[in-house]
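Q: Dumping the structure here so I can ask a few things about it.
The values are calculated or read from the model by the stated rules, or taken from the named source; none is laboratory data. Since we're looking at a predicted model, the values are computed, not measured. Cβ coordinates were reconstructed from backbone atoms using ideal geometry, including for glycine residues, and neighbour counts include every protein chain displayed.
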Amino acid sequence: METRQESRPLLQTEELGGAAGHKSEQDAYLDKVQNKKLYLATFAAVLGPLSFGFVLGYSSPAIPNLSKISDLRLRLDPTEASWFGSVVTNIWMLYLGRVLTGLASGVTSLAAPLYISETSHQRIRGTLGSCVQLMVVLGIMGAYIAGLVLDWRWLAVTCSVPPTAMLLFMCFMPETPRFLLSQGKRREAEEALRFLRGPEAPAEWECAQIEGASLEQDSHFQLSDLRDPGIYKPLAVGILMMLFQQFTGINAIMFYAETIFEVAHFKNGDVASVIVAAFQVIFTALAAVIMDRAGRKVLLVVSGVAMAVSTAVFGVYFRLSSPTPTNSSGLEFGSLEPALKDTQLDLSWLALACMGLFIAGFAVGWGPTPWLVMSEIFPTPVRGLASAVCVLTNWSTAFLVTKTFQDLMNLLSSAGTFWLFSVLCALNIVFTVFCVPETKGKTLEQIQAHFKGTG
């Protein structure tokens, strides 16, 4: 076995088809890859994000239902509704269920992107990684659609279908080759690669490439390792991307999408929410298709511009649609609903256009890309821990923004709140241009070498 492994470099040219023409060994290898079972493994993994989407979307149709329910023990007042929407049966059982689904979704939002990143290859990693966010928005839309015909109880039952399917499918999927190699299980890693790459691609060659890049890495993380630019730089990028994603206000807007449309005088607010979700699905799918062609940075910049413009105009819409009370210093105060009581119908199109542009902008860049980049930039020894820190940052910020959304409306007015989101979206653009690396077309090992300054 040792002699066979040492002879691999002498066999590479022959087994990879001679690396014909100007084709590199990597390209020659990838030309032999068959992706059918990789797609199957990805589908099994993204059933988790689909469940996550149902959790996120559940509160929008459920809160109006629970706010009007005849059972006083379950009826939610506005404060309780904000807690329910952000913490994702009596009221405490609702809270507990929301917390449990939130915890499960947190695990999924960590594991699914990493699994897809470590099982895929650079030619399609961007597309497959973007499917994580695509399935999230599909789940949100599914919850909205189901909420049109189901009450909150049956909607909850419907939300349990995707995670059940995920459990069944994942039982037949392999562990990631990089994890197996980190555990010293080379034979199992080669078998996993044969499953994921098909019988024509020499799995031993990819194993050798991963092993070669991993020899320089210590398999045990220590706090002193944070001084390594190969660790602290990607960690800073990952954390800031998660913060900026949530500071766009996306979760606050999506959680309260139906309410926003109702108070903006769209009588069919629930239908409007479905339309918004469908819009998000379409543009997230577009991002998945072009991710490996356009690159991560371009889509992030386009996304940031679209969101900055839309939220700025949204603020103008709220300011023009109806005056709000002012105090002696001239500052506006008031919640979203009172500010829109007298909205003029001829401005309704502006609200719809702003919402559409914001959702489209978020979907093509800042929706899928932070999760994709998170799964690409960390070295193997710290990938799990660093990704967990990023996920915790994302969820904590999502909770904070969603829980304080109504308070921001009361403090800054609806117009001021959306102008604040616009400023934060503009900061996203600056951050992207100067801090986010382009990972398109690079192996995970090449991305890590970039942060270390060796690649």
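Q: I'd like the residue in the stretch 129-146 that is under 22 Å from residue 39 (Cα atoms) and among the aliphatic types (A, V, I, L, M) and, out of all such residues, is surrounded by the most Cβ atoms within 10 Å (Cβ to Cβ).
A: 136
Q: Further question: Out of all the residues in the stretch 138-157, is one or more out of contact with any Leu (no Cβ under 6 Å at 6 or more places or on another chain), farther than 25 Å from residue 286 by Cβ and among the β-branched types (Val, Ile, Thr)?
A: Yes - at least one qualifying residue is present in the stretch 138-157.
Q: List pairs: first residue in the stretch 297-321 and more than 13 Å from residue 414 (Cβ to Cβ), second residue outside any helix (DSSP H, G or I) and among the hydroxyl-bearing types (Ser, Thr, Tyr) anywhere in the structure, Cβ distance under 6 angstrom, at least six positions apart or on different chains.
A: Sorted first by the residue in the stretch 297-321, then by its partner, the pairs are 307/248.
Listed here are the residues, each with its yes/no results for (1) under 26 Å from the mean Cα position of the chain (by Cα); (2) of a type outside the set (S, T, N, Q); (3) modelled with pLDDT of 85 or more.
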{"position": "141", "(1), (2), (3)": "yes, yes, yes"}
{"position": "151", "(1), (2), (3)": "no, yes, no"}
{"position": "171", "(1), (2), (3)": "yes, yes, yes"}
{"position": "174", "(1), (2), (3)": "yes, yes, yes"}
{"position": "190", "(1), (2), (3)": "no, yes, yes"}
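Q: While we're here: Consider only pairs whose beta carbons are under 6 Å apart and that are at least six residues apart or on different chains; among these, list those whose first residue lies in the stretch 96-121 and is within 19 Å of residue 210 (Cβ to Cβ) and whose second residue is of a type in the set (Asp, Glu) and assigned to a helix (DSSP H, G or I).
A: Within 6 Å, the pairs are 117/376.
Q: Let me ask something else about it. How about the stretch 119-147: which of its residues are hydrophobic (A, V, I, L, M, F, W, C) and in a loop (DSSP other than H, G, I, E, B)?
A: Scanning the stretch 119-147 gives a single hit, 124.
Q: I would also like to ask the following. Residue 252 versus (1) surrounded by 21 or more Cβ atoms within 10 Å (Cβ to Cβ); (2) at pLDDT below 85; (3) over 22 Å from the mean Cα position of the chain (by Cα): which is the lone unmet condition?
A: (3)
Q: Here's another thing I want to ask about it. Based on what the data block shows, is residue 206 assigned to a loop (DSSP other than H, G, I, E, B), of a type in the set (Asp, Glu) and either at pLDDT 85 or above or within 22 Å of residue 117 (Cβ to Cβ) (or both)?
A: So residue 206 does not fit the description; no.
Q: Of the conditions (1) surrounded by fewer than 16 Cβ atoms within 10 Å (Cβ to Cβ); (2) touching an Asp or Glu at 6+ places or on another chain (Cβ under 9 Å), residue 415 fails just one. Which one is it?
A: Residue 415 satisfies all of (1) surrounded by fewer than 16 Cβ atoms within 10 Å (Cβ to Cβ); (2) touching an Asp or Glu at 6+ places or on another chain (Cβ under 9 Å) except (1).
Q: Same structure, new question: Just one of (1) modelled with pLDDT under 90; (2) outside any loop (DSSP other than H, G, I, E, B) trips up residue 363, so point out which.
A: Failed condition: (1).
Q: Still on this model: Any idea which residue in the stretch 296-341 is modelled with the highest pLDDT, counting only those that are surrounded by 16 or more Cβ atoms within 10 Å (Cβ to Cβ) and assigned to a loop (DSSP other than H, G, I, E, B)?
A: Among those that are surrounded by 16 or more Cβ atoms within 10 Å (Cβ to Cβ) and assigned to a loop (DSSP other than H, G, I, E, B), it is 322.
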